Amino acid sequence: MEVLRKAYFFLLDILQTLILAAAAFVVVYMFLFRPFEVKGESMYPNLHNNEYLITNLIGLKLSDPNLGDIIVFKAPNEIERDFIKRVIGIAGDRVSIRDGHVYLNQEQLDESKYLKPSVKTYGGSFLQEGEEILVPEGYFFVLGDNRSYSSDSREWGFVPKNNVIGNSIVIYWPLNSAGIIKNPY
């Protein structure tokens, strides 16, 4: 009888531990941090296809993303998909593309910390070559680092703040790519 009682309390302890661990996981996943898989080559060479990132959800409650942050957001044309891009313009910024370069508030944006000098940026259907746009309040202008192979704000426009899921902060898989994602600015 004593053995059954010990087994009962042992199983009860295990069940309580599992429930507590599951509750902690749900809180972290829903409100603090979430994993995200990079799909595609739009952020190459800085992020690669099939890399896994940790995205900070709580940071958005404290402040908006900044110029240079890599954010995860709901895709503009497919709300069930998530995209990952770099913030190039925030509310009040004027963005233009001229001669293969991005201009922010009439000055050429220095992207040398995350792009090779040979990378050229060309306009799209939303932001055309030589045109200047003003980023409205509550929106962001984003670009993929692999400019030739990225569907981004040049094509479909601004990202609303309420579509932003979070800032990407750490690459955790594969281990040879693991590290902190730094804002170049």
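The values are calculated or read from the model by the stated rules, or taken from the named source; none is laboratory data. Source: prediction; values computed, not measured. Note: ideal-geometry Cβ built from the backbone for every residue, glycine included; neighbour counts use all protein chains shown. Side chains included, ligands, DNA and RNA excluded: accessible areas come from the protein's heavy atoms. Shrake-Rupley method; radii C 1.70, N 1.55, O 1.52, S 1.80 Å.
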Take residue 162 and decide whether it is loosely packed, with under 15 Cβ neighbours inside 10 Å, modelled with pLDDT under 95, under 14 Å from the mean Cα position of the chain (by Cα) and not charged (D, E, K, R).
yes
Go through (1) out of contact with any His (no Cβ under 9 Å at 6 or more places or on another chain); (2) within 25 Å of residue 169 (Cα to Cα) one by one and return the number of the condition residue 97 breaks.
(2)
Checked 103, 122, 139 against criteria (within 23 Å of residue 164 (Cβ to Cβ) and aromatic (Phe, Trp, Tyr)); the one match is 139
Could you please find all residues in the range 88-116 being among the aliphatic types (A, V, I, L, M) and either surrounded by 16 or more Cβ atoms within 10 Å (Cβ to Cβ) or closer than 18 Å to residue 148 by Cα (or both)?
88, 90, 95, 97, 102, 104, 109, 115
Only residues that are open to solvent by less than 10 Å² (accessible area, probe 1.4 Å) and within 8 Å of the chain's Cα centre (by Cα): list them for the range 71-83, please.
71, 72, 73
Within the range 9-47, work out how many residues are outside any loop (DSSP other than H, G, I, E, B), modelled with pLDDT of 85 or more and either under 25 Å from residue 59 (Cβ atoms) or in contact with a strand residue (DSSP E or B) (Cβ under 8 Å, 6 or more places away or on another chain) (or both).
4
State the number of residues belonging to the range 48-76 that are free of Cβ contacts under 8 Å to residues at least 12 places away in the same chain and either in a loop (DSSP other than H, G, I, E, B) or under 18 Å from residue 136 (Cα atoms) (or both).
3
